[in-house]
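Here is the structure we will look at.
The values are calculated or read from the model by the stated rules, or taken from the named source; none is laboratory data. Since this is a predicted model, take the numbers as computed values, not measurements. FYI the Cβ positions are ideal-geometry reconstructions off the backbone, even for glycines, and counts take in every protein chain you see. Each accessible area value is taken on the protein alone, full model and side chains, heavy atoms only, with ligands, DNA and RNA left out. Shrake-Rupley method; radii C 1.70, N 1.55, O 1.52, S 1.80 Å.
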Amino acid sequence: GAGVSQSPSNKVTEKGKDVELRCDPISGHTALYWYRQSLGQGLEFLIYFQGNSAPDKSGLPSDRFSAERTGGSVSTLTIQRTQQEDSAVYLCASSSGQMWEVGYYEQYFGPGTRLTVT
Amino acid sequence: KQEVTQIPAALSVPEGENLVLNCSFTDSAIYNLQWFRQDPGKGLTSLLLIQSSQREQTSGRLNASLDKSSGRSTLYIAASQPGDSATYLCAVRLLGSEKLVFGKGTKLTVNP
């Protein structure tokens with residue numbers, strides 16, 4: 001089946017504007033993750049969703065960042081009042097979330113959204 | 001705080017060489033360690049996943065080892081090919097957590 005998809009692939013926005021990034025996980029995957037990859041930095045964890053449980057938001061860098069997952073599938077990462085330091089590639093990943101399944105631990109990544117804040 | 005370090009940051013080799021990429025982590029309380037490949041403009045592709053109870057995993061020309069007690073992993077690539085050129089990332093999953101902590105990667109160039 002299809003892999004993880006993300007849209008848009010590229011986004012250029014002006015400082016202070018809000019942006020929304022979308023992630024479509026692999027069908028049937030209950031776990032969804034957002035990561036950020038800044039120039040010269042490693043990937044850093046942002047947020048994790050698992051089924052109907054409360055999300056793990058421990059990686060969100062500020063209250064300008066938020067994410068939601070509707071219907072246990074599609075997720076949207078929203079950045080309000082964007083700053084230049086928000087420029088990065090935002091990667092989404094999903095995993096089966098079912099401990100009894102082979103590959104439970106494996107995260108499958110989308111191609112990312114490159115965000116540039118001018 | 002878990003920190004993951006990858007050495008070298010970049011590596012250039014002629015085609016056909018065997019090579020080793022290194023990854024170290026500061027906290028041995030991990031579920032597993034994963035090696036990924038990242039091509040420019042693309043997402044990450046999982047190469048090998050080693051559970052904390054395992055010592056190594058193999059897939060084709062790739063072999064990854066894990067020494068949890070010393071906080072080290074190596075990715076061995078045999079008979080390198082130009083198509084192996086990419087950035088290789090190492091990541092650990094922490095005990096009691098779902099998130100991965102990544103190193104900054106090793107950029108590999110295999111010259112024909």
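Values computed for the structure shown
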read-out: Within the accessible area of chain A (1.4 Å probe), percent carbon and sulfur; value: 46
read-out: Interface size A-B, as summed buried accessible area [1.4 Å probe, Å², nearest 100]; value: 1500
read-out: Average partner coverage of A:24-35, which counts Cβ from other chains inside 10 Å; value: 1
read-out: Difference of contour (0.36 nm per residue) and Cα-Cα distance, B:Leu95 to B:Gln81; value: 1.5 nm
read-out: Charge dipole magnitude, Cβ of K and R +1, D and E -1 - the range B:2-95, Cα centre, debye nearest 20; value: 220
read-out: The range B:1-21 and the range A:49-96: distance between their alpha carbon centers, rounded to Å; value: 31
read-out: Partner lysines for B:Lys68 [C-alpha distance under 20 Å; skip if fewer than 8 residues away on the same chain]; value: B:Lys1, B:Lys99, B:Lys104
read-out: Accessible area (Å², per residue) of chain B, counting only protein heavy atoms and a probe of 1.4 Å; value: 47
read-out: Residue with peak Gaussian network fluctuation, chain A [Cα springs, cutoff 10 Å], from A:Thr30, A:Thr78, A:Thr70; value: A:Thr70
read-out: Relative contact order for chain A, counting Cα pairs under 8 Å that sit 6 or more residues apart, in percent; value: 37
read-out: Heavy-atom accessible area, 1.4 Å probe, ligands and nucleic acids excluded: residues of the range B:81-102 down by at least 20 Å² from chain alone; value: B:Arg93, B:Glu98, B:Lys99, B:Leu100, B:Phe102
read-out: Residue among B:Arg61, B:Arg93, B:Arg37 with the largest mean-square fluctuation in a Gaussian network model of chain B, springs linking Cα atoms under 10 Å; value: B:Arg61
